[in-house]
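Worksheet: one structure, shown below.
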Amino acid sequence: MTAADHLTPIEPVPPPARSAGLTGAAVGLFLQAVILGVAGAVAAVQALGLTLDLLVGIVWALVRSVGIDAGTPDLFPDLAIDNLDTYLLLAVIGACLLLLSRHEVRLGQALLAGDPEAVPSAVGLQWWFLGIGALFAFWTLVITEDAVLFPVVAVVLPLVVLALVAIGGGRPFPRGAGGDSSFGGSERWNFRSRTERREALLALVFLAPAFAVFYGFFFYPLGRLMHFAVYQQNRTGTAERYVGFGQLTDVLSGDEFREGLQHTLTYVLFTVPAGLVLGIVLAVVANRRLRGIKFFQTVLSSTVATSVAVASVIFFVLLNPQVGYFKVNWLAEPDQVLFGVSLSSIWQNLGLTFIIVLAGLQAVPDELVESATLDGAGPIRRFFSVTLPIISPTLLFLIVVLTVFAFQAFAQIDILTAGGPAGASETLVFKIFQRQQPIDLGEGSAMALGLFGITFLVTMGQFLILDRRVHYGS
Amino acid sequence: MSGVSFEGVTKRFDTVTAVDALTLDIVDGEFMVLLGPSGCGKSTALRMIAGLETISDGVLRIGDRVVNNVEAKDRDIAMVFQSYALYPHMTVAQNVEFPLKARKYSVDGGPPRKLTADERAERVDDAVKTLGLAELTKRKPGALSGGQRQRVALARAMVRRPEVFLMDEPLSNLDAKLRAQTRLDIVELHREVATTFVYVTHDQVEAMTMADRMAVIADGRLQQVGEPQTVYERPANLFVARFIGSPPMNTIEGEVAEAGVVAAGASRIPFTGDVAKGRKVVVGLRPEHLHLGEGDIEATVKAVEWLGHERHVIVDIAGSKAIVRQETDEGAAPRIGETVHLGHHVENVHVFDAGSTERLN
Ligand SMILES: Nc1ncnc2c1ncn2[C@@H]1O[C@H](COP(=O)(O)OP(=O)(O)OP(=O)(O)O)[C@@H](O)[C@H]1O
Ligand SMILES: [Mg+2]
């Protein structure tokens, strides 16, 4: 007798009941199969046609090469041989689509037959469609503004199939996805249970406002921006013409963009480190339990209540070479102008930096600092070895926020210098602002997209690099 | 190694006097426990030794040096906090090494200097092994259990080889079993390093089991100093009498009726010692010193609590509630409402003045 004899035999997995949901899902799969099949056939025919073209071209060229012009080395004169990859790609896509279509038909049949393996496969396939489909749908939206067909096929249809699978009692999520949900472990939505259906509905209701806001104020504008970046408007903005990625690459590699980027980065370097260090120093000094310290804390944080315009006007007056307090010419010297402008930003952001660092410092447990004192550490070692690492998440947040602020700086430049002298303070945002005429819209959008990309990369970079050195409390 | 001495040390916060004219000599190498109820000022006293609180009045010495104006980082003191105060961003090894990096040490009697990396590693290794943390050196405090964190805090205090160890309720975050074990570990550590320990707790069991001597504090004022046994057997006043011992000492109000006898209601309680006749007193009798059966004390049974190995018989003696301990094998439990007689040995009777609460016999 072996140990296995004592084990309860494993029950065969019961096939999911033939339900309206699963039948519907099978119909969805067949529908997809038809669409994919047609698309695959079209691609295959096109590829075939192109290949015929190619063959004809080659033959024609060979004929010519042995003909009267035999002396010319020009073997394939007007034959775009470098389009070969396009033909191949088309052929491969067509083949894939046909195979997929065939696969879907089989899946649909299996679903109808009640095969338990079919449900997870169908579900997995629909998620692939969703992922790739959403990407393409977004892109078509950007290009054509009113893309309907593609999203319907690649987004709506998969969603419908998934929903039908769920109603039919299957799991709408593939294995491994959503494992970290707050519902813990491998728990899945079971859409046959009334409570869970209600919960899912509730989740959608709660997500909807956030989605609406994000769509209206982020995704849609970003989509329009991408659209403008690859289109050229006419002088009055009444007509547009697709110019493609060329416009984007031209602008991003152009002198204007590089100059703007240089100014922006210089501005970041002037404002972020200085502002941060100053904020930390003031917060450390003000983090005492002294009578009346609240007064100083209030004064030091007061700049959060001033607007950029106010700060700029104050510094305009302070720095004015004739009537100013400092009587300096910084704003008029091309190599000093960014420094001059950055002073007002540093001052204006100081309140925010101060408040946030102070809050961070006050969250450091007294006992840690006391313990370090007893361990023999002086104030400097205490600060760098204990306090600073503990407030590092706060500092990371500040670095990111201040950097983004600096990337976006506009009003202070407009008020203090209007981009001058001789464009020496034209940052990227300022250059984008200058390109408002319809004819410039393409260029401006391309720059804006570039700025977005750079800000995104820099922020991600900061998170990646600093995150490893940042201690997150236990 | 040094003793610590308080001479009329007072600490006042705005309106509160946390420590009131404390005079206490902590002998070099002794394990001194400061014991008292919550808010009595024991942490404040400890923090003054550490230099974390300024001293409002009086003189504090560590060894022979007056330290009233010596900064915390310049006193040679290690402290284990109730929360352990481990540096969350450092590994166990880095935590233990921190004081070695921050301070100069004299090696083999030489002038103080920074330790080399090898010397530091050796000391860290030593401390970590002693406390059974060798496997955990690469972890951060967040990934340790409460007991392990506690031992890291001990290791960090130990590597220093300081003049004085201070501990503020270091066991209060541990569960009962671990607490009992760690109690023994700390006593052993004390024996090994043979350095002055000042240990703060509100738990009398900790005080009784660990202390060479203990100082009982109430309301910022020292009540009694002595070996645990002395304090238990001869409490200096009513507060100490009631605070130490579990279940607490029974106290019965009465009047000295004749030489060596207190009258309380229908009961007559003989005691040893000279107390003037007619004086209003409070008699103290520990629950284990009262026996059901023959005796001069008359009591009414109010309730009986069964604890397995023993019973607590709750009685009323002349209007005061009292507890009598009865071993389970000493016979059947009395019935509720029954009038019983209680016996005792005269030398076990504590007599306190009803006004001043000071001990009279
Ligand atoms: N920083 C402070 N400011 C004002 N009052 C304080 C301060 N620290 C302590 N006190 C007061 O001093 C008294 C003694 O406090 P302490 O912390 O020494 O008590 P404790 O005996 O350690 O009590 P526990 O067992 O609860 O820790 C308390 O009344 C407390 O409120
Ligand atoms: Mg305390």
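Residues in the stretch A:418-445 that are modelled with pLDDT of 90 or more and of a type in the set (Gly, Ala, Ser): 2 in all.
Quick grid of which residues meet (1) of a type in the set (A, V, I, L, M, F, W, C); (2) surrounded by fewer than 16 Cβ atoms within 10 Å (Cβ to Cβ); (3) assigned to a helix (DSSP H, G or I); (4) at pLDDT 85 or above:
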{"site": "A:Gln262", "(1), (2), (3), (4)": "no, yes, yes, yes"}
{"site": "A:Pro273", "(1), (2), (3), (4)": "no, yes, yes, yes"}
{"site": "A:Leu278", "(1), (2), (3), (4)": "yes, no, yes, yes"}
{"site": "A:Val285", "(1), (2), (3), (4)": "yes, yes, yes, yes"}
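All conditions in (1) away from chain A (no Cβ under 14 Å); (2) out of contact with any Phe, Trp or Tyr (no Cβ under 7 Å at 6 or more places or on another chain) hold for B:Thr195, with the sole exception of (2).
For the stretch B:240-264, a residue qualifies if it is in contact with a Ser or Thr (Cβ under 9 Å, 6 or more places away or on another chain), outside any strand (DSSP E or B) and at pLDDT below 90, and exactly one does: B:Gly260. When the stretch B:123-133 is examined, which residues are found to be exposed (fewer than 14 other Cβ atoms within 10 Å of the Cβ) and either more than 18 Å from B:His190 (Cα to Cα) or basic (Lys, Arg) (or both)? If the condition is that a residue be exposed (fewer than 14 other Cβ atoms within 10 Å of the Cβ) and either more than 18 Å from B:His190 (Cα to Cα) or basic (Lys, Arg) (or both), then B:Lys129 is the only one that fits. If you go through the stretch B:184-202 and keep only what is within 16 Å of ligand 1 (Cβ to nearest atom) and either basic (Lys, Arg) or without any contact (Cβ under 8 Å) to a residue 12 or more places away in the chain (or both), you end up with nothing. Only one of the numbered conditions (1) charged (D, E, K, R); (2) part of a helix (DSSP H, G or I); (3) under 34 Å from the mean Cα position of the chain (by Cα) is not met by A:Glu426, and that is (2). Of the residues screened, B:Val70 is not one that is more than 11 Å from ligand 1 (Cβ to nearest atom) and modelled with pLDDT of 95 or more. Between B:Thr201, B:Thr182, the distinction of being away from ligand 2 (no atom under 16 Å from the Cβ), of a type outside the set (D, E, K, R), touching a helix residue (DSSP H, G or I) at 6+ places or on another chain (Cβ under 7 Å) and within 22 Å of A:Glu367 (Cβ to Cβ) belongs to B:Thr182 only.
Listed by position, the strands (runs of 3 or more DSSP E) enclosed by the stretch B:303-351 that each have at least 2 residues that are among the acidic types (Asp, Glu) are B:310-317.
Look at (1) part of a helix (DSSP H, G or I); (2) under 21 Å from B:Glu358 (Cβ atoms) and you find that B:Ile269 fails only one, number (1). Filter the stretch B:185-198 down to the residues that are buried (at least 19 other Cβ atoms within 10 Å of the Cβ) and not in a helix (DSSP H, G or I), then identify the one that is nearest to ligand 2 (Cβ to nearest atom). The extreme case among them is B:Val198.
All conditions in (1) in contact (Cβ under 8 Å) with a residue 24 or more places away in the chain; (2) under 21 Å from A:Glu367 (Cβ atoms); (3) more than 13 Å from every other protein chain (Cβ to nearest Cβ) hold for B:Glu7, with the sole exception of (2).
Every condition in (1) more than 30 Å from B:His202 (Cα to Cα); (2) touching a residue at least 24 places away in the same chain (Cβ under 8 Å) is met by B:Val261 except one, and the failing one is (2).
Restricting the stretch B:10-36 to residues that are free of Cβ contacts under 8 Å to residues at least 60 places away in the same chain and among the polar types (S, T, N, Q) leaves a set whose member that is nearest to ligand 1 (Cβ to nearest atom) is B:Thr15. Considering the stretch B:37-52, and only residues there that are within 6 Å of ligand 1 (Cβ to nearest atom) and in contact (Cβ under 8 Å) with a residue 24 or more places away in the chain, the residue that is surrounded by the fewest Cβ atoms within 10 Å (Cβ to Cβ) turns out to be B:Ser38.
Taken together, B:Val225, B:Val216 contain a single residue that is within 16 Å of ligand 2 (Cβ to nearest atom) and either farther than 30 Å from B:Ile269 by Cβ or touching a Leu at 6+ places or on another chain (Cβ under 7 Å) (or both), which is B:Val216.
So that you can scan it fast, the table gives a plain yes or no per residue for (1) part of a helix (DSSP H, G or I); (2) surrounded by 18 or more Cβ atoms within 10 Å (Cβ to Cβ); (3) more than 9 Å from chain B (Cβ to nearest Cβ):
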site	(1), (2), (3)
A:Leu358	yes, yes, yes
A:Glu370	yes, yes, no
A:Ile380	yes, no, yes
A:Val386	yes, yes, no
A:Ile390	yes, yes, no
A:Pro393	yes, no, yes
A:Leu396	yes, yes, yes
A:Leu402	yes, yes, yes
A:Phe407	yes, yes, yes
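Restricting the first member to the stretch A:218-238 and to residues that are outside any helix (DSSP H, G or I), and the second to residues that are of a type in the set (D, E, K, R), the beta-carbon pairs closer than 7 Å and six or more apart or on different chains are A:Tyr231/A:Glu240; A:Tyr231/A:Arg241; A:Gln232/A:Glu240; A:Gln232/A:Arg241; A:Gln233/A:Glu240. Contact map, the stretch B:125-137: first residue touching a residue at least 12 places away in the same chain (Cβ under 8 Å), second residue loosely packed, with under 14 Cβ neighbours inside 10 Å, Cβ cut-off under 7 Å, separation 6 or more or different chains; pairs are B:Val128/B:Ala134.
Elements of the type helices (runs of 4 or more DSSP H) sitting completely within the stretch B:41-155 and holding at least 2 residues that are within 16 Å of ligand 2 (Cβ to nearest atom), more than 9 Å from chain A (Cβ to nearest Cβ) and closer than 30 Å to B:Leu22 by Cα: these cover B:42-50.
The values are calculated or read from the model by the stated rules, or taken from the named source; none is laboratory data. Keep in mind that what you see is a predicted model, and the values were worked out from it rather than measured. Glycine gets a Cβ as well: all are built from the backbone with ideal geometry, and neighbour counts include every protein chain shown.
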